[in-house]
Every structure is written in structure tokens, then in C-alpha cells.
Amino acid sequence: MLGPISEQFAAAPRFAAHSGAGLIDKLGLELGAARESLAGLRPQAMAWALLPQLVSHPVMNTELVTGLVGTAQTSAMCALAQLQDAGVVVERSGYERNRVWQHDGFLAVLDEYAAELLRAGNQI
């Protein structure tokens with residue numbers, strides 16, 4: 001028979017696998033919806049290269065984009081504009097310079113996941 005600490009230790013990987021699978025499924029749905037939004041965009045457009053990066057970086061600026069995709073700042077701005085025009089990201093800073101874009105769907109999924117983890121932690 002396992003003690004309380006051992007039981008919690010044994011349950012942790014099962015919880016992580018179950019909750020992580022749900023997170024991946026929800027992020028995949030958001031990525032699919034974003035792909036559909038870009039359906040009319042030419043295949044060589046920089047927005048396609050940037051799209052998968054949004055999963056791990058749902059908030060971006062041009063400096064981050066240049067590093068992630070390995071492109072010039074003007075190309076990074078063009079990619080963000082393409083994503084914004086398609087409704088995939090929203091510009092949140094309101095500035096002309098040092099602008100920040102975010103993908104609201106990915107952020108909502110991550111916020112929901114964090115809340116689930118907090119609720120689960122409070123039940124222990």
C-alpha cells in the first residue's frame with residue numbers, strides 16, 4: 001500500500017498526461033482555425049512561417065519575429081500585418097512604434113489551462 005506522498009507522486013504523471021493532452025488538442029484547434037483564416041494567402045507569404053510560432057509565443061513584437069523566423073524587420077512587420085488583416089492576431093499596444101500583437105485564442109486556452117491547474121492544486 002502506498003502512503004499519501006507516494007500516491008500523490010504516482011498520480012502526478014497521469015494528471016500531467018491527461019491535462020497536457022487536452023491542452024495540445026485545444027491549441028491544435030486554435031492553430032487550425034488560424035490556418036483557415038489564412039486560406040487565401042499565397043503559400044510563400046511570411047505569415048505561414050510565423051503561424052506555428054504563435055503556439056509558443058502568443059504575444060509578439062517585430063524583434064521577436066525577426067529572431068524566430070530569421071527575417072528582416074520589414075518582412076516581420078509584413079507577416080504580422082498579414083496575420084492581423086486575416087484576424088489571426090490583434091495589435092494591443094496602440095503605439096506607432098514598439099507595437100505588440102497577440103493571438104487571443106491561444107492566450108485564452110493557456111489561461112484556461114492555468115486555471116485548471118490551480119483548481120487541481122487546490123483539491124490536493
Going through segment 29-55 in order, the residues found to be part of a helix (DSSP H, G or I), in contact with a helix residue (DSSP H, G or I) (Cβ under 9 Å, 6 or more places away or on another chain) and within 20 Å of residue 110 (Cα to Cα) are 29, 30, 31, 33, 34, 35, 50, 53, 54, 55
What about residue 83, is it under 17 Å from the mean Cα position of the chain (by Cα), of a type in the set (A, V, I, L, M, F, W, C), within 19 Å of residue 112 (Cβ to Cβ) and part of a helix (DSSP H, G or I)?
no
Here the qualifying pairs (Cβ atoms under 6 Å; residues six or more apart or on different chains; first in segment 104-122 and free of Cβ contacts under 8 Å to residues at least 60 places away in the same chain and under 25 Å from residue 53 (Cβ atoms); second surrounded by 11 or more Cβ atoms within 10 Å (Cβ to Cβ) and not charged (D, E, K, R)) come out as 107/58
Of the residues in segment 1-48 that are at pLDDT below 90 and either touching a Ser or Thr at 6+ places or on another chain (Cβ under 8 Å) or aromatic (Phe, Trp, Tyr) (or both), the one that is farthest from residue 120 (Cα to Cα) is 9
Residues of segment 28-83 being in contact (Cβ under 8 Å) with a residue 40 or more places away in the chain and within 20 Å of residue 95 (Cα to Cα), in sequence order, are 58, 59, 60, 61, 82, 83
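The values are calculated or read from the model by the stated rules, or taken from the named source; none is laboratory data. Just so it is clear, the structure is predicted and the values come from calculations on it, not from any experiment. Neighbour counts are summed over all protein chains in view; Cβ atoms, including those assigned to glycine, are modelled from backbone coordinates with ideal geometry.
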